[in-house]
Amino acid sequence: MTISNTPFSLRMYQQMEPAKSAKGSLSVSYAELTPMSELIGYDPSLLDRMANYSGGYAPIFGSPELRQKVANYLGVGPDDVIITNGIDDAVPSIYEALLTPADRLSLLVPTYDPLPDRARHAGASIVTAKLECTAHGWVLGAETLAQLFDGVAVCALNVPHNPTGWYPNAAERTALKARAEETDTYVIADEVYSGLAQTPGQELKSLACLSARMITVGSLTKAFGLPGLRIGWIACTDPDVITQIKNVRTYGHCYVSALSEIAAITALSHEGQIIAAKRKLCRQNLDALDSFIQQFPAFSMHRPDHGTVCMAHFSSSGTGFISASDMCQRLLSDRKLILIDNTFFDDTSEWVRFGFGTSRFIDLLPKLAAHLEDAR
């Protein structure tokens, strides 16, 4: 079996010049960062609990207190949860537990590189299906749904979806559950962007609540603005699946940082306050993005209802640019500003990914506007 050794292109791009020395990014994927001072403000005992940490291992698969906090957040039980080092080692653990070289894995495109790449490392073959862009937004159409469950062992999704911002409505969630159970397919839902519904009360519980065929992964990285903690989780209500994944993880990934666990417990204990502030900022930034797109009709998009990222189509005709990639490359070279285009998601369509979760976003939009004006 030949296994590719290609790097994650977007992550490598962000760590190399000139992107590394950029003065800002319109494609940041996480919400506004939450500093430790804010967590301490919510819970003044946090520093004392860290000071009293013994220096030993955290409990295998996560402390009972943290697993309970995550379970409450998702709507499952604590025994359904495994604590992980962010998302990066969660998905490979599931693939290793469930996939064989004879299996096929389906996923929506465009997609986030690690989902297909880690499956290839497990030896599985990849089946892709495209989300449908309609006048009413992104939808999981009947044809796409059929492709996702046609002779596959596992279906992997981003929910909310990176980069489009799609989030399954009630009918789509019901259809996913039904097809998974009818075909005995496991659905892995990468819910790392979950938690930020633009309208309070619109957010639904984790897909793990729907069916034992659903396995979800999530973290504090995106919605909570805590990527540095590296705290994530796997959740599934099928105890046999949880056992299989735990068995795999005993060989190298069964512990996380105990100090990070302490901070994560505080973050999840104050979820409502943290998420409310992030949601408000996302709404303000989306309003500003709507106004920007009205000013520059070369862009068009469907406003997302969830998460921190969305996809906007870019029509280069009459703009002075030959493509979305050209526009983004020149934005970086001329104005030291990052905007991610379709080439990083192996898509031939012309679009860019906006990340609207940070406080700097609204200040950077005028720089993009000037870039477009100067090229006309």
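Rounded to the nearest 0.05, what FRET efficiency do SER349 and TYR42 have when you use their Cβ-Cβ distance and R0 = 45 Å?
Details: r = 42 Å, r/R0 = 0.94.
So, using R0 = 45 Å, E works out to roughly 0.60.
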Whether the stretch 198-297 is rounded, prolate or oblate, judged on the alpha carbon gyration tensor where a/c under 1.5 counts as rounded: prolate
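If I stretch the segment between LYS205 and GLU271 completely, what's the gain in nm (0.36 nm per residue apart, minus their alpha carbon distance), one decimal?
On the way: separation 66, 0.36 × 66 = 23.76 nm, distance 1.42 nm.
Gain on stretching LYS205 to GLU271: 22.3 nm.
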Separation between Cα centres of the stretch 299-360 and the stretch 265-282, rounded to whole Å: 28
Relative contact order %, the stretch 250-376, counting alpha carbon pairs below 8 Å whose residues are six or more apart: 24
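Only counting other Cβ atoms within 10 Å, I'd like TRP351, TRP138 sorted with the fewest neighbours first.
On the way: TRP351 24, TRP138 20.
Ordered by Cβ neighbours within 10 Å, fewest first: TRP138, TRP351.
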Sequence-separation-based contact order of the chain, relative, with Cα cut under 8 Å and 6+ spacing, percent: 25
Qualifying lysines (Cα of each under 19 Å from Cα of LYS23; at least 8 residues distant if same chain): LYS336, LYS367
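If we count other beta carbons within 10 Å of each Cβ, what is the order of MET16, MET301, MET327, MET36, fewest first? Each step should come with its number before you reach the end.
Details: MET16 10, MET301 21, MET327 24, MET36 15.
Starting with the residue having the fewest Cβ neighbours, the order is MET16, MET36, MET301, MET327.
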Straight-distance crosslink candidates among lysines, where the alpha carbon sits under 20 Å from LYS177 and sequence neighbours closer than 8 are dropped: LYS130, LYS205
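Please report the antiparallel percentage of the DSSP beta bridges confined to the chain, to the nearest 5.
Rounded to the nearest five, the antiparallel share is 55 percent.
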Inter-label distance for GLU17 and GLN329, nm, one decimal - labels placed 7 Å from Cα along Cα-to-Cβ: 1.8
Built amide H within the under 5 Å cut-off of GLY24, gap 5+: ILE338
Karplus-derived 3J(HN,Hα), 6.51/-1.76/1.60, for each residue of the stretch 12-25, Hz, glycine and proline x: 5, 4, 5, 9, 10, 5, x, 4, 4, 9, 5, 8, x, 9
Amide proton proximity set for GLU132, modelled H, under 5 Å, gap of 5+: VAL139, GLY141
Separation in nanometres of the label points that stand 7 Å from Cα toward Cβ, at HIS136 and ARG104: 3.0
Among GLU191, GLU65, GLU96: highest mean-square fluctuation, GNM of the chain, C-alpha pairs under 10 Å: GLU65
Formal net charge of residues neighbouring LEU145 (Cβ-Cβ distance under 13 Å; K, R +1; D, E -1): -1
The chain shape via C-alpha gyration tensor axes, a/c threshold 1.5: oblate
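All of the numbers you see were taken from the coordinates with simple rules; none came from a lab. Owing to the predicted nature of the structure, the values given are computational and were not obtained by experimental measurement. Heads up, the Cβs are rebuilt from the backbone with ideal geometry, glycines too, and the neighbour counts pull from every protein chain shown.
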